[in-house]
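The values are calculated or read from the model by the stated rules, or taken from the named source; none is laboratory data. Since we're looking at a predicted model, the values are computed, not measured. Ideal geometry is used to build each Cβ from the backbone, glycine not excepted, and the neighbour counts take in all protein chains shown. Note: accessible area is taken over every heavy atom of the protein model, side chains too, but ligands, DNA and RNA are not part of it. Shrake-Rupley method; radii C 1.70, N 1.55, O 1.52, S 1.80 Å.
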Amino acid sequence: MKLYDNRAWFLVLPALVIVTLVGILPLIAVTNYSFQDLFTLNNPYWVGVDWYRNIVTSERFYASLGRSFLFSVIVLSVQLPLGIWIALLLQRSNQFIVSTVLVLITVPLVVPWNMIPVIWLNFINPNAGLAGRLLTWLGVGFDYKFNALHTWIVLVVMDTWHWLGLVVVLAYAGISSIPPAYYQAAAVDAASQWQVFRFIQLPKMKTVLSMAVLLRFMDSFMIYIEAFRINAGGPDSATAFLSLDLGEEILSFNYGPSAARSIVYFLIVLAVAWTFKAATSARAPTEELTT
């Protein structure tokens, strides 16, 4: 019988303490507040599930939920194929080009979130911004303040500029891990580029792409700073996502309803992440049998 040294678990204690302080305890506190009506912590009033009932029976909640899901679907539909395409181009390039592109494309990842909308508002400014002046010179009417389509375009392009580097890095890492023997076997079989991508590269990128999908969904689904700074949910609530509704409740000092919204949004993200994980785990044994 092999003996295990359980003292190694003490190495995990710092991480457990941090997770407890910044994650578990705040979640318990917010859950408690979601069942109360309180303006200050000294005067709580128990209301049970009233706030949750108001949320799930609100048409505004479902409209915001639909917009949040739509935004996540759009950015994933743009960023995943684009990131994979760039990674495939890098895989055929020399080391200097690869290093240069990876450095440049990941620079936006280190820009603070609150500065992203400021940069883009200046960029599309028709009086001083490069893109704004170019659109004016071309005679293209672009009004992100009062045109909902233009506002969505700004948000999608801005989010893609900010996070595309993450998808490219993960996809390129997956491609780079493929042994040369796979490509040699494909060359012997006279496989086309599409067949190489479909049967060799894409399956090898599955793990890292799953990570990219989860990370990008969770972030895009709860987008707040960018949408708020660009148009504050406008025009006519066209970009009023779930996170903006939550921010409005907090700024209105409705702490009970805002706590309930936080829990509902947390459960939505958790449910989607769990469903995605369960679906990918269920497909794995089937794919192994077919291969």
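What accessible surface, in Å², does a 1.4 Å probe find on Leu134, ignoring ligands, DNA and RNA and rounding to the nearest 10?
Approximately 90 Å² of Leu134 is accessible to the 1.4 Å probe.
Helix by helix through the chain, keep the DSSP H runs that span 18 Å or more along the axis on Cα and average at least 0.0 on Kyte-Doolittle, and give those back in order.
Helices meeting the span and hydropathy rule in the chain are 59-91, 148-176, 206-221, 255-290.
Please report the equivalent ellipsoid semi-axes of segment 190-289, computed as sqrt(5 x eigenvalue) of the Cα gyration tensor, largest first, in whole Å.
So the equivalent ellipsoid measures 39, 18, 8 Å along its semi-axes.
Can you give me the pair-distance distribution of segment 57-193, C-alpha pairs, 10 Å bins, whole percents?
Values per bin, smallest distances first: 10, 28, 30, 19, 10, 3, 0.
Taking the solvent-accessible surface of protein heavy atoms with a 1.4 Å probe, what is the per residue accessible area of the chain in Å²?
About 61 Å² of surface per residue is accessible.
Ignoring trypsin sites (Lys or Arg not before Pro) that are buried or in helix or strand per DSSP, and keeping those with at most 16 other beta carbon atoms within 10 Å, what is the longest stretch of the chain between them?
Free of exposed loop sites, the longest segment is 146-291.
Amide H neighbours of Gln36 under 5 Å, counting only residues 5+ apart in sequence or on other chains, H built in-plane at 1.01 Å?
Val47
At 1.4 Å probe size, with the rest of the protein present, what percent of the exposed accessible area of the chain is carbon and sulfur atoms?
Carbon-and-sulfur percentage of accessible area, whole number: 70.
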